[in-house]
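The values are calculated or read from the model by the stated rules, or taken from the named source; none is laboratory data. This structure is a prediction, so every number in the text was calculated from the model and none was measured. Positions of Cβ are generated from backbone atoms using ideal geometry, with glycine treated the same way; all protein chains shown enter the neighbour counts.
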Amino acid sequence: MGLLIAVVIYFDRHALPPFLTRRVEAQLLQRGIAAHFKSIQLDILRGVIATDAALADARKPDRVLARIDRLQIDWGWHRLLRGENAINDLRIANATVILPTPADEIGPEIFTASEASAILRFTEEGVIQLDKLTGIYSGIRMHMSGRIKLQSDTLALRRGPTNQNHLVAVTKALR
């Protein structure tokens, strides 16, 4: 018991070793999210905390969808002990979230949200339930919930009648 307490206290003060970070990233990959973290630390009060997270669709891991400075990883500890995928959800609290948007005729735009909070729940294969998303986006305080369906290989990015990505309107709105 004393050894377990010593390990918990050690990882409360130091980052998890790289092999454990890679294991967490592999579990997220099974959920459809390609993730890379600068570090993961066990916080005695808040659980598992990841810093400098880069998240992408697993089918296009080189195209970062969001950069989050700090997030909490919620575990199903009983599933972890059985060797199953243990990640229930990701919790973002008072974070800065950076989202690249598709390029328009001028080029790409970066969408930055401050004071962002949300819960990303993994409900079914390729679908993430976004709960209680709040934050300041382009100077506007927003509150929303919804579902994110990760792109399938067959859908790719839909194109409008002008053969332009339908999300380019987001980039234009941010300008």
*asked:* Among the residues that make up the stretch 15-30, is at least one of them under 27 Å from Ser138 (Cα atoms) and touching a strand residue (DSSP E or B) at 6+ places or on another chain (Cβ under 9 Å)?
replied: no
*Look at Arg59 and say whether it is assigned to a helix (DSSP H, G or I), within 20 Å of Thr123 (Cβ to Cβ) and of a type in the set (D, E, K, R).*
no
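Mind checking whether some residue in the stretch 94-104 is of a type in the set (D, E, K, R), touching a helix residue (DSSP H, G or I) at 6+ places or on another chain (Cβ under 9 Å) and either over 21 Å from Lys149 (Cα atoms) or surrounded by 13 or more Cβ atoms within 10 Å (Cβ to Cβ) (or both)?
Yes, because at least one residue in the stretch 94-104 is of a type in the set (D, E, K, R), touching a helix residue (DSSP H, G or I) at 6+ places or on another chain (Cβ under 9 Å) and either over 21 Å from Lys149 (Cα atoms) or surrounded by 13 or more Cβ atoms within 10 Å (Cβ to Cβ) (or both).
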*Considering only the stretch 95-127, how many residues are of a type in the set (Val, Ile, Thr) and touching a residue at least 40 places away in the same chain (Cβ under 8 Å)?*
2
*Within the stretch 17-36, how many residues are of a type outside the set (Gly, Ala, Ser), surrounded by 18 or more Cβ atoms within 10 Å (Cβ to Cβ) and farther than 13 Å from Leu90 by Cα?*
1
*For the stretch 91-101, state whether one or more residues are in a strand (DSSP E or B) and of a type in the set (D, E, K, R).*
yes
_Arg63 vs. criteria in contact with a strand residue (DSSP E or B) (Cβ under 6 Å, 6 or more places away or on another chain), buried (at least 18 other Cβ atoms within 10 Å of the Cβ) and not polar (S, T, N, Q)_ = no
*Which condition breaks for Leu71 when tested against (1) under 13 Å from the mean Cα position of the chain (by Cα); (2) in contact (Cβ under 8 Å) with a residue 40 or more places away in the chain?*
(2)
*Considering the stretch 101-158 alone, what residues qualify as being of a type in the set (A, V, I, L, M, F, W, C), closer than 18 Å to Arg31 by Cα and at pLDDT below 75?*
Leu150
*For residues that are in a strand (DSSP E or B) and not hydroxyl-bearing (Ser, Thr, Tyr), tally how many sit in the stretch 25-42.*
7
